[in-house]
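One structure below.
The values are calculated or read from the model by the stated rules, or taken from the named source; none is laboratory data. Everything quoted here is computed from the prediction, not taken from an experiment. Every residue, glycine among them, receives a Cβ derived from its backbone with ideal geometry; neighbour counts consider all protein chains shown.
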Amino acid sequence: MTLLSIIIPAHNEERRLRETLPRVLQFLRTQKYASEVLVVENGSIDRTAPVVAELARSEPQLQLLREAQRGKGLAVRRGMLAARGAFRFMCDADLSMPIEQVSRFLPQQLAEFDVAIGSREIPGAVRFDEPAFTHLRGRVFSNLVKLAVLPGIEDTQCGFKCFTAAAAEDLFRVQRLDGLSFDVELLFIARLRGYRICEVPIDWIFHRETKVRMVRDTLQMLRDVLTLRRNLRAGYYERAA
């Protein structure tokens with residue numbers, strides 16, 4: 001039985017994956033549990049897919065999935081529903097959280113959860129090299145999200161989250177947003193359906209090559225929060241009878 005699935009969404013990540021994947025695979029080789037890594041390439045115009053495919057030929061744990069359409073939410077959803085692990089962990093391609101800290105999200109160190117969120121804000125978390133303005137911008141958005149839909153959750157946007165298989169199968173089948181706001185939507189549905197959500201402090205390393213576009217993406221995410229509330233009123237998040 002596969003204990004852990006790591007899902008990595010990848011849009012134009014040729015260069016970073018050359019560094020990230022060997023580190024992830026080397027870490028997993030030191031663990032006693034069965035695991036898999038699913039890279040979901042979506043809409044890339046670089047050599048992301050060939051780089052992953054070439055490495056996968058010698059790494060049976062590694063799989064390449066392809067989506068023609070762009071969207072981080074779409075890519076993560078595809079990977080989560082294709083995964084076989086009892087625990088399914090989404091992981092950014094820049095590996096801004098040390099991969100060794102994935103152990104913090106597994107039963108040996110964390111119990112009684114359905115959704116575990118990597119957090120850069122709660123006690124025990126450490127940020128490295130992040131500009132003050134970038135941190136401030138993130139806090140503004142996080143506080144708006146808390147006020148609008150997710151009170152009590154400090155960091156909805158960190159790219160490292162773990163789901164039990166049952167939670168992943170349920171949540172990702174009804175989750176609808178394909179862009180960067182999919183995290184907020186997932187957590188909103190999880191809370192609506194009574195799943196146990198916890199935040200896990202992590203070490204987080206800022207990378208200047210981030211693909212987040214400050215003004216444009218923040219405004220889109222705020223629009224997505226309004227879409228989320230409309231979806232709720234339309235009944236899209238209700239459990240099937």
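A few notes on this one:
- Count of residues meeting criterion [under 16 Å from ARG70 (Cα atoms) and either without any contact (Cβ under 8 Å) to a residue 12 or more places away in the chain or part of a loop (DSSP other than H, G, I, E, B) (or both)] in the stretch 1-57: 8
- Checked against the criterion of being of a type in the set (S, T, N, Q) and at pLDDT 90 or above, the stretch 125-136 has no qualifying residue.
- Restricted to the stretch 199-220, and to residues there that are assigned to a strand (DSSP E or B) and at pLDDT below 95, the residue that is farthest from ALA165 (Cα to Cα) is ILE205.
- Residue tally, condition in a loop (DSSP other than H, G, I, E, B) and modelled with pLDDT of 95 or more, over the stretch 58-70: 4
- Within the option set PHE113, PHE105, PHE128, being farther than 25 Å from LEU222 by Cβ and in contact with a Ser or Thr (Cβ under 8 Å, 6 or more places away or on another chain) holds for one residue only, PHE113.
- Residues of the stretch 156-198 that are within 11 Å of the chain's Cα centre (by Cα), modelled with pLDDT under 95 and of a type in the set (D, E, K, R): ASP183 alone.
- Count of residues meeting criterion [in contact with a Lys or Arg (Cβ under 8 Å, 6 or more places away or on another chain), buried (at least 21 other Cβ atoms within 10 Å of the Cβ) and either without any contact (Cβ under 8 Å) to a residue 24 or more places away in the chain or not in a loop (DSSP other than H, G, I, E, B) (or both)] in the stretch 90-110: 1
- Checklist (1) over 19 Å from ALA168 (Cβ atoms); (2) of a type outside the set (A, V, I, L, M, F, W, C); (3) in contact with a Gly (Cβ under 8 Å, 6 or more places away or on another chain); (4) surrounded by 22 or more Cβ atoms within 10 Å (Cβ to Cβ) applied to SER5, failing item: (1)
- Screening GLY79, GLY73 for residues that are in a helix (DSSP H, G or I), touching an Asp or Glu at 6+ places or on another chain (Cβ under 6 Å) and either among the basic types (Lys, Arg) or crowded, with 18+ Cβ neighbours inside 10 Å (or both) leaves exactly one candidate, GLY73.
- Some residue of the stretch 64-84 being more than 13 Å from LYS161 (Cβ to Cβ) and free of Cβ contacts under 8 Å to residues at least 12 places away in the same chain: no
- Summed over the stretch 122-167, the residues that are polar (S, T, N, Q), buried (at least 18 other Cβ atoms within 10 Å of the Cβ) and not in a loop (DSSP other than H, G, I, E, B) give a count of 2.
- Every residue from the stretch 111-121 that is over 13 Å from the mean Cα position of the chain (by Cα) and either modelled with pLDDT under 95 or assigned to a strand (DSSP E or B) (or both): ALA111, GLU112, ARG120, GLU121
- SER58 meets the conditions (1) among the polar types (S, T, N, Q); (2) closer than 29 Å to ARG173 by Cα; (3) out of contact with any helix residue (DSSP H, G or I) (no Cβ under 6 Å at 6 or more places or on another chain) in every case but one. The failed one is (2).
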